[in-house]
1. Put one equal scatterer on each alpha carbon of the stretch 314-367, apply the Debye formula with no solvent term, and list log10 I(q)/I(0) at q = 0.19 1/Å to two decimals.
2. What lysines sit close enough to LYS59 to cross-link, taking a C-alpha to C-alpha distance under 19 Å and skipping anything fewer than 8 places away on the same chain?
3. Can you give me the pair-distance distribution of the stretch 245-403, C-alpha pairs, 5 Å bins, whole percents?
4. Straight distance only, please: which aspartates and glutamates reach the Cα of LYS222 with their own Cα at less than 20 Å, same-chain residues fewer than 8 apart left out?
5. Which order do VAL65, VAL115 take when ranked by solvent-accessible area (1.4 Å probe, heavy atoms of all protein chains), largest first?
6. How far, in degrees from 0 to 90, does helix 332-342 lean away from the longest principal axis of the Cα atoms of the chain, to the nearest 10?
7. For the stretch 1-129, count the residues as N, evaluate 2.2 N^0.38 Å, and divide the Cα radius of gyration by that value, please.
8. Measure nothing fancy, just the Cα-based angle from helix 5-31's long axis to the longest principal axis of the chain, in degrees from 0 to 90, nearest 10.
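The values are calculated or read from the model by the stated rules, or taken from the named source; none is laboratory data. Just so it is clear, the model here is predicted, and its values are computed rather than measured. Virtual Cβ from ideal backbone geometry, glycine too; neighbours counted across all protein chains shown. Protein only, heavy atoms only, side chains kept; ligands, DNA and RNA dropped before computing areas. Shrake-Rupley method; radii C 1.70, N 1.55, O 1.52, S 1.80 Å.
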Amino acid sequence: MAFPYMEAVVGFMILMYIFETYLDLRQHAALKLPTLPKTLEGVISKEKFEKSRAYSLDKSHFHFVHEFVTIVMDSSILFFGVLPWFWKKSGEFVVLVGLNAENEILHTLSFLSGVMIWSQVTDLPFSLYSTFVIESRHGFNKQTIWLFFRDMIKGILLSILLGPPIVSAIIIIVQKGGPYLAIYLWGFMFTLSLVMMTLYPILIAPLFNKFTPLPSGDLREKIEKLASSLKFPLKKLFVVDGSTRSSHSNAYMYGFFKNKRIVLYDTLIQQCKNDEEIVAVIAHELGHWKLNHTMYSFIALQILTLLQFGGYTLVRNSSDLFRSFGFDTQPVLIGLIIFQHTVIPLQHLVSFGLNLVSRSFEFQADAFAKNLGYSAALRAGLVKLQEENLSAMNTDPWYSAYHYSHPPLVERLAALDEADKKEE
């Protein structure tokens, strides 16, 4: 008797939903607490705390509904054989339009087109509610309904433009890969990631946001001086018009080798009236670069990708696995989808481990910025970001450990204080 792979996958999905819902309930209880953590008393205003609490609870209620609908849909699609049924119908559509359904690339593109339509339709109500109800209610949303749908249409057009050649290449590699399939797949994805990391900020990101050079002035001079002191090869310093969509704030850097760029959200500049706070946030980001966190994360991602493709090559010819999910044939894309579902337990463990590493990196980057003399400014900047983004002030330790890639503000401030005490 063949192993019931599909039933096992659905069972584990439901178990994980129950476990994560338990963590969500713990977090919801923490969000309902009427008082600030002691570390933040006198640091965060009562008004900001109440606004943060209301915002976090609204998002938490929404999250419960969204996750319930998602698990019902995903488990039903697998358990009731919707996946093989839809694969069959997509093949019939290829024949209907006068093409050859035996061509796996055409069949796969037809299947993915239907999946994209389905995902857009089912996710649209949640996206609209999140953006125009929750985000608007708490003063974050700056989008018009026209801008929302314009972004969505641009995203669909990009998928139509970029998806077919990428999918076609993957299918051909799997069909002809032979014993070195995992290496070929990894090599292709590695090259693709480098190309996308190069082209995204130049060609794709400007389709959605406007990037302008940071004007000359004290802030620019301070950032350039900091970058120069660390030998960071800063080539361009941009401000992005994040305020056209949201009042949430952020900053990031990107680029290869000697061609690095830093991007500040205009909302960050508006919210942090003190230039030192912004520079301290940049010092934290540069700490990630100086301490090689970005490189380590990239290498870890490549290793995990190679291991995943190695696992896929081991099971891709398992007819029992395909039959368990209702397939008589073994299409490349379906094999990848099934494999992703079967390794969900490992993915959860890996994700938890990566979060632990990421949190460690954040503490190290904070310490780096502190050692540069930005301790007070970094504290103020972190508090300002927490206040202006209305981030959760109270967090459940279990929920935080499982979900957060960044430590909560309470832990980051405590770590900075502890470092100060040791120095004294």
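1. Taken in order of the listed q values, log10 I(q)/I(0) reads -0.68.
2. Partners found: LYS32, LYS48, LYS51, LYS142.
3. It works out to 2, 7, 13, 13, 15, 13, 10, 9, 7, 6, 3, 2, 0, in whole percents.
4. Cα-Cα hits under 20 Å: ASP266, ASP275, GLU276, GLU277, GLU285, ASP366.
5. Details: VAL65 85, VAL115 55 Å².
Solvent-accessible surface, decreasing: VAL65, VAL115.
6. 60 degrees
7. On the way: Rg = 22.1 Å, N = 129, 2.2 N^0.38 = 13.9 Å.
Here the answer is 1.58, to two decimals.
8. Compared with the principal axis, the helix lies near 20 degrees.
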